[in-house]
Amino acid sequence: QVQLVESGGGLVQPGGSLRLSCAASGSIFSVDAMGWYRQAPGKQRELVAGISSGGRTYYVDSVKGRFTISNDNAKNTAYLQMNSLKPEDTAVYYCNADVRVGLISALSEYWGQGTQVTVSS
């Protein structure tokens, strides 16, 4: 079994910063990619940022230039540095990982429990 544990959410004023962390643990052979999704009340879950094990990154347009995703492959951990936060960034942020549990295993998708980010004055 694989677990994803997120941390770092909270309440911040507009213009402030937060750093989210997501650590994957358990029966892991390799992590191919990790990403952060978010879901605001009444809205669909959206991919905010993703990173492959090789370091390729993706960002949704609304966070480009403000958010930075990074990873530590040795620790199976991903980070999301969020700067210049706006009220519209308020959402529950979920970590996602594509994991192989064995050399010839197929990729399986795992989710964290979510962490609340609230941007408000």
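Taking first residues from segment 8-21 that are over 11 Å from Arg66 (Cβ atoms) and partners that are aromatic (Phe, Trp, Tyr), the Cβ contacts under 9 Å between residues at least 6 apart in sequence or on separate chains come to Gly8/Tyr79; Gly8/Tyr93; Gly9/Tyr93; Arg19/Tyr79; Leu20/Trp36; Leu20/Tyr79; Leu20/Tyr93; Ser21/Tyr79.
The residues on offer are Ser17, Ser7, Ser27, and the sole one that is of a type in the set (Ser, Thr, Tyr) and over 26 Å from Glu88 (Cβ atoms) is Ser27. Scanning segment 53-66 finds no residues that are touching a Gly at 6+ places or on another chain (Cβ under 8 Å) and either touching a residue at least 60 places away in the same chain (Cβ under 8 Å) or within 18 Å of Gln1 (Cα to Cα) (or both).
Considering the conditions (1) in contact with a Phe, Trp or Tyr (Cβ under 9 Å, 6 or more places away or on another chain); (2) modelled with pLDDT of 95 or more, Arg100 is excluded by exactly one of them, (2).
The values are calculated or read from the model by the stated rules, or taken from the named source; none is laboratory data. Source: prediction; values computed, not measured. Heads up, the Cβs are rebuilt from the backbone with ideal geometry, glycines too, and the neighbour counts pull from every protein chain shown.
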